[in-house]
Each structure stands twice: as structure tokens, then as C-alpha cells.
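Asks: Below is the structure I would like to discuss, written out as C-alpha cells.
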Amino acid sequence: MNWPIETGCFQTPIGVFKPMSQLTLYKNEDDASNGIYPYFIDIQNPLFRDLNSRLVIPLSPHEALDNTDAKRLCPVISLNEGSFVLLTHQMTSVSKSLLKTKVTSLESFRDKILAAIDMLVSGI
């Protein structure tokens, strides 16, 4: 029997399964890139939880970038950890195994994140 969609959990033959949440901020565990991109936002819909990769947008410290004039494409997000620029144009996929350390949900930034994706894809 499936649990209601609102819970985000599903009853399976081996127990309760909670899929990876969309718009979750993860710490970048890769030593080669975490200095430039310390965090990833998982933007992939949980419907595709069985895939071995996730679609992510990297975040970079705001002070690390010279030009952030493209505010709609690359909005600045202020977190407890500091201010970060959403590098929408560098959207990529990463192995699910790299997304280990959840930091927080960025659901409150949903409109800003989707507007940046729309700007990249449709130009509006």
C-alpha cells in the first residue's frame, strides 16, 4: 500500500522508502571541485528516484565571482553559510552517491530557482 503523496514516503515490500527531495541543498564532497562549488541543489523530480544520477545546479560563493549581472539567470541566495550564486548555466548531472550530506531544503527559493531555469531554457 502506498502512503499519501504528501508524506513523500512510500511503503515497499522491504519497508518505508523516502526518496531524495527536490530542491535539497547538498554539500559537495568532491575534493577536486568543492572549493569552487561547495554546494549542489538537487533539482530533479523525485519521480525519477530510480535513476543513478541526479540533476543539480552548483552554487559558488558570491565573493568568488567577478560579475553577477545576470541576476535572473544566476540569482544570489543567502543562507546561514553565506551568500551563494546559483550557477544555472552550469547545471549538470552527478552520481546519486555523491549527494551524501544534506544541508537544508531550498523550497523557499523555489520560484527563484525555477525562474532561473526558465531564463536559461526559454529566455524568459
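Asks: Restricting attention to segment 117-124, does a residue exist that is of a type in the set (D, E, K, R), exposed (fewer than 14 other Cβ atoms within 10 Å of the Cβ), out of contact with any Gly (no Cβ under 7 Å at 6 or more places or on another chain) and free of Cβ contacts under 8 Å to residues at least 40 places away in the same chain?
Replies: no
Asks: Given the structure, is residue 92 among the polar types (S, T, N, Q), surrounded by 12 or more Cβ atoms within 10 Å (Cβ to Cβ), touching a helix residue (DSSP H, G or I) at 6+ places or on another chain (Cβ under 6 Å) and within 19 Å of residue 28 (Cβ to Cβ)?
Replies: So residue 92 does not fit the description; no.
Asks: Do we find that residue 113 is farther than 20 Å from residue 29 by Cα, at pLDDT 95 or above and surrounded by 12 or more Cβ atoms within 10 Å (Cβ to Cβ) in this structure?
Replies: When the stated conditions are applied, residue 113 passes them.
Asks: When you look at residue 99, is it out of contact with any Phe, Trp or Tyr (no Cβ under 7 Å at 6 or more places or on another chain), in contact (Cβ under 8 Å) with a residue 40 or more places away in the chain and under 21 Å from residue 44 (Cβ atoms), yes or no?
Replies: no
Asks: Need pairs with beta-carbon distance below 9 Å; first residue more than 15 Å from residue 22 (Cβ to Cβ) and of a type in the set (Val, Ile, Thr) and within segment 33-59, second in a strand (DSSP E or B) and at pLDDT 90 or above; sequence gap 6+ or separate chains.
Replies: Partner pairs satisfying both residue conditions: 36/58; 36/60; 36/61.
The values are calculated or read from the model by the stated rules, or taken from the named source; none is laboratory data. Computed from a prediction, not measured in an experiment: that's the story for all the values here. No Cβ is skipped: glycine too gets one built from the backbone with ideal geometry, and neighbour counts run over all protein chains shown.
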